[in-house]
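Report on the following structure.
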Amino acid sequence: MRQQPNRRRTETLDYMQAMLGQLRTMAEAERCDMLAYLIEMAYVEVSDIIRGERPLRVGEDQRDGAAGVPFESPGKIKLQ
């Protein structure tokens, strides 16, 4: 029997969340504060996706919107 795509996605996201939780614990145990923080951010992101509070994909024009910096593809340099 084939699984529905949404169910498979949910199972994959749940697995990723569990793995990120374990990685965060390992990073904290090794006192890798920045690594633990970055893993925590990924953990929070997957949690938001699971709850439907974040989209699965972000458009190219929105990637750095949280920082207030418009996204520019590498190699595109604007001279002033």
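The values are calculated or read from the model by the stated rules, or taken from the named source; none is laboratory data. The structure displayed is predicted, hence computed values, not measured ones. Here the Cβ positions follow ideal geometry from the backbone for every residue, glycine too, while neighbour counts run over all protein chains shown.
Looking only at the range 22-47, count every residue that is of a type in the set (D, E, K, R), surrounded by 12 or more Cβ atoms within 10 Å (Cβ to Cβ) and farther than 20 Å from residue 9 by Cα and tell me the total. Even if it seems obvious, please write down each step before you answer.
First pass over the range 22-47, keeping only residues of a type in the set (D, E, K, R): 24, 28, 30-31, 33, 40, 45.
Still in the list and also surrounded by 12 or more Cβ atoms within 10 Å (Cβ to Cβ): 24, 28, 40, 45.
Imposing the further condition that a residue be farther than 20 Å from residue 9 by Cα reduces the set to 24, 28, 40.
Residues that pass the stated criteria total 3.
Which ones in the range 1-21 are in contact with an Asp or Glu (Cβ under 9 Å, 6 or more places away or on another chain) and either assigned to a helix (DSSP H, G or I) or surrounded by 12 or more Cβ atoms within 10 Å (Cβ to Cβ) (or both)?
Matches in the range 1-21: 20 only.
Is it the case, given these coordinates, that residue 46 is in a helix (DSSP H, G or I), under 13 Å from the mean Cα position of the chain (by Cα) and either of a type in the set (A, V, I, L, M, F, W, C) or modelled with pLDDT of 95 or more (or both)?
Working: in a helix (DSSP H, G or I): yes; under 13 Å from the mean Cα position of the chain (by Cα): yes; either of a type in the set (A, V, I, L, M, F, W, C) or modelled with pLDDT of 95 or more (or both): yes.
For residue 46, the condition - in a helix (DSSP H, G or I), under 13 Å from the mean Cα position of the chain (by Cα) and either of a type in the set (A, V, I, L, M, F, W, C) or modelled with pLDDT of 95 or more (or both) - is met.
Which residue pairs have Cβ atoms under 8 Å apart, sit 6 or more places apart or on different chains, and have a first residue in the range 35-57 that is touching a residue at least 40 places away in the same chain (Cβ under 8 Å) and a second that is surrounded by 15 or more Cβ atoms within 10 Å (Cβ to Cβ) and of a type outside the set (A, V, I, L, M, F, W, C)?
50/17
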